[in-house]
Ligand SMILES: [Zn+2]
């Protein structure tokens with residue numbers, strides 16, 4: 001979690017907007033979508049050819065003749081020309097603010113050479129407000145992996161020196177007005193431009209704090225490159241780095257919204273830092289919010305939520321709370337996920353827990369407070385031990401509370417021991433999974449956890465054990481990986497279990513594949529159910545909100561090998577086209 005923020009003040013001024021919207025009438029639809037192949041996720045009528053929408057909701061779903069009865073003067077008609085249509089897709093796991101920052105600022109994940117660095121920094125400088133700091137970046141995330149390493153340098157200095165080591169001369173010419181302080185993905189190196197050095201007062205005479213090396217040229221002048229083995233680069237730059245301005249944050253948010261529209265996503269379950277709520281509210285007030293947001297602030301706000309009566313039913317269809325986010329362990333990308341056995345490539349490391357786990361009993365206390373506040377715990381657990389610990393806590397608390405319809409959630413559920421799988425069904429849990437992670441992570445998974453890899457991303461087994469699967473992209477990823485948000489990547493990974501190059505042939509642990517239908521469920525109706533919103537979203541049924549994602553090919557009819565070719569044609573919310581593919 002980030003530094004504390006006057007969160008409840010924000011909530012107080014958010015409350016007035018969290019009210020219903022009304023207005024209805026009968027007979028004449030606002031818009032009719034015709035000649036689609038609507039895959040409704042409604043068992044009563046799985047496929048229909050047309051829908052009518054009035055006041056944002058479906059008023060007719062069925063054959064063209066049935067829907068035509070809603071046509072009247074002023075009804076708009078859109079011919080979908082046979083396109084494949086699913087309920088608006090719900091990406092249950094995004095990091096909206098990080099995505100915006102990477103889209104507006106420097107995204108260096110794939111950069112590991114001089115030309116790439118200069119180009120990307122120059123592009124970021126073009127996009128960013130003048131004078132603003134260009135930070136983050138995470139260069140080289142894919143450099144070590146492509147070299148066949150695990151992504152974490154454990155080699156001697158000699159080998160390390162082969163890594164890309166940029167200097168300020170490289171980026172100074174393209175950043176006359178922006179101070180730059182970007183990092184290597186693992187925070188082991190930082191690059192500053194001359195303006196940043198100047199603003200931080202770093203000169204030839206600056207002494208390096210313990211744990212930090214200031215790289216210098218022959219004259220002793222800083223080259224702009226810093227190596228950090230311990231401590232924080234902020235001990236040198238600290239106050240000089242301005243936080244992003246409000247203007248910058250809005251610009252970031254607008255870019256993130258655009259990407260979400262293009263991906264056909266109509267709802268996100270966002271991991272929302274407290275101060276981001278202000279941005280969401282402002283966008284909503286301006287009529288700029290083009291995705292429904294289910295923000296998930298940290299579990300630690302539970303007590304405050306209870307005090308002011310915020311529950312999962314507080315909000316409106318655009319912005320509404322659903323759960324609170326907690327963390328048990330770290331992530332695989334940094335050897336932080338917790339296991340019963342150590343990492344294969346780091347034999348003394350079992351992973352680590354997160355601050356919410358301390359002191360012992362703290363997480364259980366937070367889960368109880370969350371339940372008492374009428375909210376749902378959504379808790380991150382990745383390694384076998386991390387998942388087991390969380391299941392123990394859920395079992396304990398659920399045993400005491402005797403809730404019948406709790407829909408508690410395990411986020412990621414990445415590597416689950418076979419003996420723990422049935423507990424998902426027994427405890428009635430939602431597994432919020434990230435299928436695309438497997439396409440990216442399988443490259444190093446076996447190197448890190450050996451045989452245990454067969455338990456990783458075990459979607460089939462989890463589902464068969466009774467877990468309710470919901471899909472999240474985890475967009476834009478971590479400091480070590482870019483995770484795509486476009487639904488084709490998630491569906492491809494879940495159904496084919498291969499990389500983007502379609503390896504290995506037949507899929508990675510192919511017994512864990514799920515079907516296209518199951519993947520769509522996890523993207524639509526299951527996500528709505530997990531949010532306690534299955535009456536309003538998740539399927540194309542009369543009475544529900546008219547949110548649709550229109551795709552250029554029928555995912556159930558095509559060869560699964562072609563899923564990655566899928567394009568979004570329209571993104572529709574409440575019957576309104578909020579994005580149309582300009583190339584189609
Ligand atoms: Zn995440």
Pseudo-spin-label distance residue 446 to residue 404, built 7 Å along Cα→Cβ, given in nm, is 4.9
Taking just the alpha carbons, could you work out the radius of gyration and Dmax for the chain, both in angstroms?
24.6, 82
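Indicate the gyration tensor shape class of segment 199-306 (rounded, prolate or oblate), computed on the Cα atoms with a ≥ b ≥ c the square roots of the eigenvalues: a/c under 1.5 is rounded; otherwise a/b larger than b/c is prolate and the rest oblate.
Numbers: a/c = 3.06, a/b = 2.19, b/c = 1.40.
Prolate, since a/c reaches 1.5 and a/b exceeds b/c.
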Report, to the nearest 10°, how far helix 276-285 tilts away from the longest principal axis of the Cα atoms in the chain, using its own Cα long axis and a range of 0 to 90°.
40
Per its Cα gyration tensor (rounded if a/c is under 1.5, else prolate when a/b beats b/c, else oblate), segment 447-566 is best filed as prolate
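Arrange the peptides 233-239, 387-393, 86-92 so that the one whose residues have, on average, the most other Cβ atoms within 10 Å appears first. Don't jump to the answer; show the numbers that get you there.
Values: 233-239: 15.7, 387-393: 22.1, 86-92: 27.9.
Output ranking for 233-239, 387-393, 86-92: 86-92, 387-393, 233-239.
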Using only Cα atoms, what Kirkwood radius does segment 345-493 have, in angstroms?
16.2
Please compute the contact order of segment 384-520 in relative form: average sequence separation of alpha-carbon pairs under 8 Å and at least six residues apart, divided by the residue count, as a percent.
23
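From the P(r) of segment 19-122, could you give the percentage of C-alpha pairs in the tail past 22 Å? Walk me through the intermediate numbers first.
Working: 2892 of 5356 pairs.
Every Cα pair in segment 19-122 considered, those over 22 Å come to 54 percent.
Tell me what the chain gives for mean residue ellipticity at 222 nm when only DSSP H runs of n ≥ 4 count, each as -39,500 (n - 2.57), the sum divided by the residue total, rounded to 500 deg cm²/dmol.
Details: 20 runs with 173 residues, N = 584.
The helix contribution divided over the chain gives -8000 deg cm²/dmol.
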Using a simple spin-label model with points 7 Å from Cα along the Cα→Cβ vector, what separation in nm is obtained for residue 562 and residue 28?
4.2
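Based on the alpha carbons, how large is the Rg to Rh ratio for segment 263-367 when Rh follows Kirkwood?
Rounded to two decimals, Rg over Rh is 1.09.
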Contour minus Cα-Cα distance for residue 79 and residue 254 (0.36 nm per residue):
60.1 nm
For the pair residue 43 and residue 65, how long in nm is the line joining their label points, each one 7 Å along Cα→Cβ?
2.8
Most packed first (mean Cβ within 10 Å per residue), the peptides 314-323, 198-207 order as 314-323, 198-207
Of 180, 28, 301, how do they rank once you tally other Cβ atoms within 10 Å and put the fewest first?
28, 301, 180
Have a look at the DSSP beta bridges in the chain and tell me what percent are antiparallel, nearest 5.
50
On each of the three principal axes of the Cα atoms of segment 154-251, give max minus min coordinate, whole Å, ordered largest first.
44, 30, 26
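Show me 270-277, 219-226, 303-310, 248-255 ranked by packing, highest mean number of other Cβ atoms within 10 Å first. Walk me through the intermediate numbers first.
Values: 270-277: 21.6, 219-226: 17.1, 303-310: 15.5, 248-255: 19.9.
Put in order of decreasing packing, that is 270-277, 248-255, 219-226, 303-310.
Note down the relative contact order for the chain as a percent, whole number, built from C-alpha pairs under 8 angstrom at least six residues apart.
Working: 1248 pairs, mean separation 98.1, N = 584.
Once normalised by length, the contact order is 17 percent.
In percent, how large is the relative contact order of segment 431-510, given Cα pairs closer than 8 Å and 6 or more residues apart? Working shown, then result.
Values: 90 pairs, mean separation 31.4, N = 80.
Relative contact order, segment 431-510: 39 percent.
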Indicate the gyration tensor shape class of segment 532-584 (rounded, prolate or oblate), computed on the Cα atoms with a ≥ b ≥ c the square roots of the eigenvalues: a/c under 1.5 is rounded; otherwise a/b larger than b/c is prolate and the rest oblate.
oblate
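Every number in this text was worked out from the coordinates using simple rules, so none of it is lab data. Model, not experiment: these values are computed from the prediction. Reconstructed Cβ throughout: ideal geometry from the backbone, glycine too, with neighbour counts over all protein chains shown.
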